[in-house]
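What follows is a single structure, written as structure tokens, with notes after it.
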Amino acid sequence: MSIAAASHGFLSPTGVEIAFLLVGLVTFGAALVTVTTRQLVHAALWLVVTLGGLAVEYLLLTAEFIAWVQVLIYVGSVVVLLLFGLMLTKAPIGRSPDADSGNRWAALTVAVAAAAALVWVVVDAFRTTWIDLDGAAAGSTRVTGESLFQNWVLPFEALSVLLLAALVGAIVLSRKAKATAAAPQALAAPQAPGAHGDPGAKEGVR
């Protein structure tokens with residue numbers, strides 16, 4: 001532990017730490033709105049705010065490369081993919097009753113348990129770890145790229161396959177919706193004799 005870390009305590013926060021806390025609260029609130037709103041389009045837009053808040057947090061942690069990756073990949077690609085899927089499936093703009101599930105309490109319990117386990121693991125792993133911001137860069141592009149494509153390449157590729165499956169599923173659902181909408185029209189197509197000015201029907205009446 002460095003001398004700067006020993007002299008600095010939780011009761012004397014710096015401006016960066018206060019900004020980090022405020023942005024974290026805004027990000028947490030946007031995340032809550034994302035999972036509780038019944039409007040799918042609004043949920044996607046609040047997800048943009050959540051991911052943008054995470055990018056600001058990375059900037060405050062002097063991880064500029066990760067912040068721009070967050071903006072380019074998640075805000076610029078993943079959210080666009082979600083909106084594209086919503087448009088393909090013709091999701092309603094207003095409130096959607098289907099967005100409310102009866103398993104809300106079970107989902108809340110699982111989410112709280114997962115968050116508690118994640119916080120415990122992170123705190124236990126980094127409890128005595130201090131980063132010297134004045135030292136050598138630990139989050140440079142080279143270090144991050146080596147860690148990503150050596151240790152995390154399998155989850156990275158699995159995420160890309162998952163996003164591709166979501167897009168394909170949206171296309172399949174949109175085609176099924178079109179086929180279902182076209183079926184009643186096909187059944188209603190045969191008209192009664194004499195409709196639309198049928199010449200044969202008029203001659204039969206004469």
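Side notes on the structure shown:
- Ordered by solvent-accessible area of protein heavy atoms (1.4 Å probe), largest first, the residues GLU64, GLU57 come out as GLU64, GLU57.
- Inter-label distance, nm, simple model (7 Å from Cα along the C-beta direction), ALA116/VAL168: 3.9
- Surface composition of the range 31-93: carbon plus sulfur atoms contribute 78% of the solvent-accessible area (1.4 Å probe, protein chains only, all chains present).
The values are calculated or read from the model by the stated rules, or taken from the named source; none is laboratory data. Fair warning: this is a prediction, and the values are worked out from it, not measured in the lab. Ideal geometry is used to build each Cβ from the backbone, glycine not excepted, and the neighbour counts take in all protein chains shown. When the accessible area is computed, the model is the full protein with side chains, heavy atoms only, and any ligands, DNA or RNA have been set aside. Shrake-Rupley method; radii C 1.70, N 1.55, O 1.52, S 1.80 Å.
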